[in-house]
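Peer 1: Structure in structure tokens, see below.
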Amino acid sequence: MVVRVQTAPFDAGKELALITEGNFNIGGVCSFIGLVRDITPSGKINAMTLEHYPGMTEKALQKIECEAHDRWPLESTLILHRYGKLYPGDQIVFVAATSSHRHAAFEACHFLIDWLKTQAPFWKLEDSPSGGRWVEARARDDKAAERWGHGPNQKPNLT
Amino acid sequence: MRLLYFAWVREKIGMSREDANVPDGVSNVGDLIDWLSGRGREYEEAFANKASVRVAVNQEYAKMDTPVKLNDEVAFFPPVTGG
């Protein structure tokens, strides 16, 4: 399990190589990269600044990873999140899950990003031509996270 | 008690952290918010809508009835928007 919070960009290929290297039980790797867009519901933006809660962020991300490992038979996971000032096209977040078979890797990857969006203490400040604006949490992100349930007993069915 | 403020809560209150001498009667998160709200206009505005503020006690999500103690770290922030 790997959790990193950093300002620097990342190399997805290198990161995936690190979490698969030498582990020949891994039959599938699934990953997701989130990018900064230049259009948001409130209009065009020039940049975005991500703030986070050092200490709690790492703990929250580790908890999300642990939950994924409890729910699926995973070989390794990675959550990497950037903070600071980012521009359209920049990578913000990278999550990955590896497993013997694809179903667990796909589902766990989806779960990691859905839960991260509603649990990890990050906040986005958009820099638009009309000034700074804090992004509001979206109901659809809560809905996406809810589909995975909230308690460790609500395990999804693997079919 | 160490108090931390993030995002627009930080902007409204005008600082990112403070060590506060919280009075004895403050025993949970709800009490703490009520006490802070009475400390000045900045606080009152930051906590005007309690439903829009999230709270963490010692870096764990908390509710209004979560107990708070002298040496706790309590953070206030808007709903999260990472990812």
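Bear in mind these aren't lab numbers, they're just calculated from the coordinates by the rules spelled out. Computed from a predicted structure; not experimentally measured. Here the Cβ positions follow ideal geometry from the backbone for every residue, glycine too, while neighbour counts run over all protein chains shown.
Peer 1: Inspect region B:74-83 for any residue being more than 10 Å from chain A (Cβ to nearest Cβ) and surrounded by fewer than 19 Cβ atoms within 10 Å (Cβ to Cβ) and give the result as yes or no. Steps first, answer last, please.
Peer 2: Step one: list which residues in region B:74-83 are more than 10 Å from chain A (Cβ to nearest Cβ), which gives B:74, B:76.
Okay, now just the ones that are also surrounded by fewer than 19 Cβ atoms within 10 Å (Cβ to Cβ), so none.
There is no residue in region B:74-83 that is more than 10 Å from chain A (Cβ to nearest Cβ) and surrounded by fewer than 19 Cβ atoms within 10 Å (Cβ to Cβ).
Residues checked against (1) part of a helix (DSSP H, G or I); (2) closer than 30 Å to residue A:93 by Cβ; (3) in contact with a helix residue (DSSP H, G or I) (Cβ under 9 Å, 6 or more places away or on another chain); (4) within 11 Å of another protein chain (Cβ to nearest Cβ):
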{"position": "B:30", "(1), (2), (3), (4)": "yes, no, yes, no"}
{"position": "B:33", "(1), (2), (3), (4)": "yes, no, yes, no"}
{"position": "B:36", "(1), (2), (3), (4)": "yes, no, yes, no"}
{"position": "B:39", "(1), (2), (3), (4)": "no, no, no, no"}
{"position": "B:43", "(1), (2), (3), (4)": "yes, no, yes, no"}
{"position": "B:61", "(1), (2), (3), (4)": "no, yes, yes, yes"}
{"position": "B:70", "(1), (2), (3), (4)": "no, no, no, no"}
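Peer 1: To continue, here is another question. Report every pair of residues separated by at least 6 positions or lying on different chains whose Cβ atoms are under 9 Å apart, first residue within region A:7-28 and under 18 Å from residue A:106 (Cα atoms), second part of a loop (DSSP other than H, G, I, E, B).
Peer 2: A:19/A:26; A:20/A:26; A:25/A:100; A:26/A:100; A:27/A:100; A:27/A:101; A:28/A:100; A:28/A:101
Peer 1: If you don't mind, there's one more thing I want to ask. Any idea how many residues of region A:115-128 are out of contact with any His (no Cβ under 6 Å at 6 or more places or on another chain), facing another protein chain (nearest Cβ under 9 Å) and in a strand (DSSP E or B)?
Peer 2: 3
Peer 1: Still on this structure, please answer the following. Kindly establish whether residue A:57 is part of a helix (DSSP H, G or I) and touching a strand residue (DSSP E or B) at 6+ places or on another chain (Cβ under 9 Å). Break it down into steps so the answer makes sense when it comes.
Peer 2: Numbers: part of a helix (DSSP H, G or I): yes; touching a strand residue (DSSP E or B) at 6+ places or on another chain (Cβ under 9 Å): yes.
Yes.
Peer 1: Taking the condition in a loop (DSSP other than H, G, I, E, B) and of a type in the set (Val, Ile, Thr), does residue B:26 pass? Spell out the reasoning first.
Peer 2: Working: in a loop (DSSP other than H, G, I, E, B): yes; of a type in the set (Val, Ile, Thr): yes.
So residue B:26 passes the test.
Peer 1: Can you tell me which of A:89, A:43, A:149, A:131 is within 14 Å of chain B (Cβ to nearest Cβ) and either within 26 Å of residue A:27 (Cα to Cα) or surrounded by fewer than 21 Cβ atoms within 10 Å (Cβ to Cβ) (or both)? Can you show your working first?
Peer 2: Numbers: A:89 fails: within 14 Å of chain B (Cβ to nearest Cβ); A:43 fails: within 14 Å of chain B (Cβ to nearest Cβ); A:149 fails: within 14 Å of chain B (Cβ to nearest Cβ).
Selected residue: A:131, the only one of A:89, A:43, A:149, A:131 that is within 14 Å of chain B (Cβ to nearest Cβ) and either within 26 Å of residue A:27 (Cα to Cα) or surrounded by fewer than 21 Cβ atoms within 10 Å (Cβ to Cβ) (or both).
Peer 1: Among B:35, B:8, which is the only one that is aromatic (Phe, Trp, Tyr) and farther than 27 Å from residue A:83 by Cβ?
Peer 2: On the way: B:8 fails: farther than 27 Å from residue A:83 by Cβ.
Among B:35, B:8, only B:35 is aromatic (Phe, Trp, Tyr) and farther than 27 Å from residue A:83 by Cβ.
Peer 1: Name, by its number, the condition in (1) closer than 28 Å to residue A:100 by Cα; (2) within 14 Å of chain B (Cβ to nearest Cβ); (3) touching a helix residue (DSSP H, G or I) at 6+ places or on another chain (Cβ under 8 Å) that does not hold for residue A:28.
Peer 2: Against the list (1) closer than 28 Å to residue A:100 by Cα; (2) within 14 Å of chain B (Cβ to nearest Cβ); (3) touching a helix residue (DSSP H, G or I) at 6+ places or on another chain (Cβ under 8 Å), residue A:28 comes up short only on (2).
Peer 1: Being surrounded by 15 or more Cβ atoms within 10 Å (Cβ to Cβ), closer than 21 Å to residue B:7 by Cβ and of a type outside the set (S, T, N, Q): is that true of residue A:80 here? If you could, list the steps in order and put the result at the bottom.
Peer 2: Values: surrounded by 15 or more Cβ atoms within 10 Å (Cβ to Cβ): yes; closer than 21 Å to residue B:7 by Cβ: no; of a type outside the set (S, T, N, Q): yes.
Judged against the criteria, residue A:80 is not a match.
Peer 1: Return the residue satisfying two criteria in turn: it lies in region A:46-67 and is within 8 Å of chain B (Cβ to nearest Cβ) and free of Cβ contacts under 8 Å to residues at least 60 places away in the same chain, and of such residues it is surrounded by the fewest Cβ atoms within 10 Å (Cβ to Cβ).
Peer 2: Going through the qualifying residues, I end up with A:55.
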